[in-house]
Amino acid sequence: MSEERNMWAQAKQATFAQLTGSGFAVKNLKLPPDFVWGAATAAYQIEGGASQDGKGKSIWDIYSHLEPSRTNGENADITCDHYNRIDEDVKLMKSLGMDTYRFSMAWSRIIPQGGRHDPVNEAGISFYNRLIDALLAHDITPSVTLYHWDVPQALYDRYKAFLNTTEFRADYERYARLCFTRFGDRVKSWVTFNEPYIISIFGHLNGSLAPGHCLEASTDTKTEPWRVGHTIILSHASVVQIYANEFQLSQNGKISIVLNGHFYEPHDATKKADIDAAQLRLEFYIGWFGDPIFLGKDYPASMKEYLGARLPSFTPEDLKLLKDTYSINGFYGMNHYSTKFVRQLTTPAEEDDWTRNIEESSVNNKGEEIGPASSMPWLRIAPGGFRKMLNWVWDRYRLPILVTENGCPCPGEADLRVAIDDQFRQRYIGLYLDSISQAIYEDGVKVEGYYVWSLMDNFEWSSGYGPRYGIVHVDFDTLKRTPKNSAYYLQTTFQERRKDVA
Ligand code: GBH
């Protein structure tokens, strides 16, 4: 490996103590001159202002107030109070040298009841106008996610939101069209949905995220998650078509979707069934959405075969829409955190099995862990898997990749000193950036940018305020923001990188 490589990566075999140290910068990280970096957030996780200025309730406002609590006894009524602190937060981004900022809009702030005939809340629109204008005034490019998990509760009450494809799609089209109309003169990068897999499986199958649907009576976990996915795919395609037909010519922006996924390695690398399982698990996780959306095709054959009638079918009209729209997607939005081992089980699967009877684990058949664990047991440092994931997506979809989320919470981060000198996170980020560099220069993958998750510590869904993913520390009593060393690490790394290419 040349000296141009990230020094942390070269020290991979060394001990943790040798690898880390505050103020360490990746002097020779090689990335294209137009490669951009920034941070990502989501409305419910950071905004607060839960009922300020006419905001309606979303499924998360309800879910986070359920008794007994499903969110560690916490909610995001106030969280980081970003709603009232945009000037401070944008200045912070600028001081850290970010080129771009990925955030989501709260549908229920803009249309409190959510539906296509419901009134628009101008105060919600003006909040996002102020945010967008502040970013542009500081030369930070906004990237807007229309949906990051917070559907208006009224739509869930009316028709169960994603479970009614026709109604949801019509309401979402109106919401999207409104956003393009009101913000598209300044927003040139759009994401329709964040992580459809999580919305479908975690929201509607195992119920660990809102709406926690499986916990209600009369649910059918055999079919409903796949209906939800179907709704997302068709709603995405419709909105891409609307953008292309009505806005793109004058506004000149890009639109796509963000898919998440672990990379998978075989539990036993000598077993054909486990090698196949790794590929199949990727098809069931990413191909589920990626093949219809980015290839304009039906679901992967492996899914159709295994799920049979549990998987909805595309009509000829749907397939035409997918075919007409797939090439409009301007990038592949990738949220990626970690890698797991998988093995094919041979014992009978549950009726509502969604994994093709494939079991995930952090340890392989030799007892080797996939990597050191963060404070979340599933999230381990495994940069090799990231490089393979970038390759897998590029080979299958041939679209430039934007890494729309990547990051981790450090072990022991409840301790303020660990949080501020966040060596685990700096090491994680350094290694993952190096994987991007390798994917670009050694494998020929096109990667255009990197968003760290997250700008600041925030409400981590069902885990409440436990895990801290921010590169900026937030004291949830005083709401004071303090950059962690990883923030300066990223700032310096990208500054140095710029100097190198200049
Ligand atoms: C992202 O989701 C979200 O977009 C973001 O809002 C969130 O704060 C961030 O990540 C950090 O969690 O696979 O069963 O072992 C990531 C979704 C949630 C998927 C945790 C993997 C691990 C449980 N991930 N999940 S499992």
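The values are calculated or read from the model by the stated rules, or taken from the named source; none is laboratory data. As the structure is a computational prediction, the values presented were derived from the model and not from experiment. For neighbour counting, all protein chains shown are included, and Cβ atoms are generated from backbone atoms with ideal geometry for every residue, glycine included. Side chains included, ligands, DNA and RNA excluded: accessible areas come from the protein's heavy atoms. Shrake-Rupley method; radii C 1.70, N 1.55, O 1.52, S 1.80 Å.
Miscellaneous remarks
- Filtered by the rule that a residue be under 15 Å from R281 (Cβ atoms), open to solvent by 30 Å² or more (accessible area, probe 1.4 Å) and within 15 Å of the ligand (Cβ to nearest atom), region 345-376 gives W354, E359, E360, S361, I370.
- Candidates are the residues of region 175-233 that are more than 16 Å from the ligand (Cβ to nearest atom) and of a type in the set (V, I, T); the one that is most open to solvent (accessible area, probe 1.4 Å) is T181.
- Taken as a whole, the condition of being away from the ligand (no atom under 16 Å from the Cβ), more than 22 Å from L402 (Cβ to Cβ) and not β-branched (V, I, T) applies to N164.
- Contact map, region 100-126: residues that are under 18 Å from S143 (Cβ atoms) paired with residues that are buried (at least 18 other Cβ atoms within 10 Å of the Cβ) and at pLDDT below 95, Cβ distance under 8 Å, separation 6+ or inter-chain. No pairs are found.
- Y306 being aromatic (F, W, Y) and open to solvent by 30 Å² or more (accessible area, probe 1.4 Å): yes
- Members of region 29-58 that are of a type in the set (A, V, I, L, M, F, W, C), open to solvent by less than 10 Å² (accessible area, probe 1.4 Å) and either assigned to a strand (DSSP E or B) or within 16 Å of the ligand (Cβ to nearest atom) (or both): W37, A39, A40, A42, A43, I46
- Residue check, D422 away from the ligand (no atom under 13 Å from the Cβ) and buried (at least 24 other Cβ atoms within 10 Å of the Cβ): yes
- Index of the failed condition, E317 passing every other in (1) acidic (D, E); (2) in contact (Cβ under 8 Å) with a residue 24 or more places away in the chain; (3) not in a loop (DSSP other than H, G, I, E, B): (2)
- Candidates L402, L379, L431, filtered to the one that is under 19 Å from Y197 (Cα atoms), away from the ligand (no atom under 13 Å from the Cβ) and open to solvent by less than 40 Å² (accessible area, probe 1.4 Å): L402
- Subset of region 477-502 [surrounded by fewer than 18 Cβ atoms within 10 Å (Cβ to Cβ) and either assigned to a loop (DSSP other than H, G, I, E, B) or within 13 Å of the ligand (Cβ to nearest atom) (or both)]: D477, T478, L479, K480, A502
- On inspection, Y451 passes the criterion of being among the hydroxyl-bearing types (S, T, Y) and under 30 Å from N75 (Cβ atoms).
- Residue satisfying all of: in region 185-226; small (G, A, S) and at pLDDT below 95; nearest to the chain's Cα centre (by Cα) among these: S208
- Matching option when the condition is touching a residue at least 60 places away in the same chain (Cβ under 8 Å), outside any loop (DSSP other than H, G, I, E, B) and either open to solvent by less than 30 Å² (accessible area, probe 1.4 Å) or farther than 26 Å from V187 by Cβ (or both), among D276, D268: D276
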